[in-house]
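Below: one structure, written as structure tokens.
The values are calculated or read from the model by the stated rules, or taken from the named source; none is laboratory data. Bear in mind the structure is a predicted one, so any value in this text is a computation, not a measurement. Cβ placement follows ideal geometry from the backbone for every residue including glycine, while neighbour counts extend to all protein chains displayed.
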Amino acid sequence: MNPDALRGHMDALLLSVLEREPLHGYAIIEALLERSGGALNVPTGTVYPALRRLERIGYLSSEWATVGGRKRRTYRLTDSGRKRLEGERSAWHEFATVIGGVLRPEAAEVSPVRAADG
């Protein structure tokens, strides 16, 4: 998948992955990969700065935990993060509906320009 297509949607993707349970960074990357059927192979250089930013603004909290014998920072969704995720889902649904309406083949058949020429 084109990395530019993710621009502006990374927050929603990260919040969604963390909705079920707290995860450490690598597990978040793996969850994105799995839930996308392998299409979202997001680099760590994109994920970790976004996680830190989401924590700074209060959508995530983190704590150190030992996972598989290693200390890892584990991230969890806050109440504020859950509200933000709801808003992101609503905005995504609206966006997908509008863009889908434009991209449908039948939408091109009834363009206002053609109707005015008729």
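Which residue, of Y59, Y75, Y48, Y26, is under 18 Å from L6 (Cα atoms) and of a type outside the set (A, V, I, L, M)? Steps first, please.
Working: Y59 fails: under 18 Å from L6 (Cα atoms); Y75 fails: under 18 Å from L6 (Cα atoms); Y26 fails: under 18 Å from L6 (Cα atoms).
Just a single option satisfies the conditions, and that option is Y48.
Can you name the residue in the stretch 68-111 that is surrounded by 13 or more Cβ atoms within 10 Å (Cβ to Cβ) and more than 17 Å from the chain's Cα centre (by Cα) and is also modelled with the lowest pLDDT among such residues? Filtering the stretch 68-111 for residues that are surrounded by 13 or more Cβ atoms within 10 Å (Cβ to Cβ) and more than 17 Å from the chain's Cα centre (by Cα), the one modelled with the lowest pLDDT comes out as R72. For the stretch 43-72, filtered to residues that are assigned to a loop (DSSP other than H, G, I, E, B) and touching a helix residue (DSSP H, G or I) at 6+ places or on another chain (Cβ under 7 Å), the residue that is nearest to H9 (Cα to Cα) is Y59. Restricting the stretch 20-42 to residues that are surrounded by 14 or more Cβ atoms within 10 Å (Cβ to Cβ) and in a loop (DSSP other than H, G, I, E, B), the residue that is modelled with the highest pLDDT is P22.
Filter the stretch 1-19 down to residues that are charged (D, E, K, R) and not in a helix (DSSP H, G or I), then give me how many there are. Count: 2.
Quick check on this structure: which one of Y26, Y59, Y48 is among the aromatic types (F, W, Y) and over 22 Å from S80 (Cβ atoms)?
Y26
Return yes when M1 is modelled with pLDDT under 90 and surrounded by 11 or more Cβ atoms within 10 Å (Cβ to Cβ) and no when it is not.
yes
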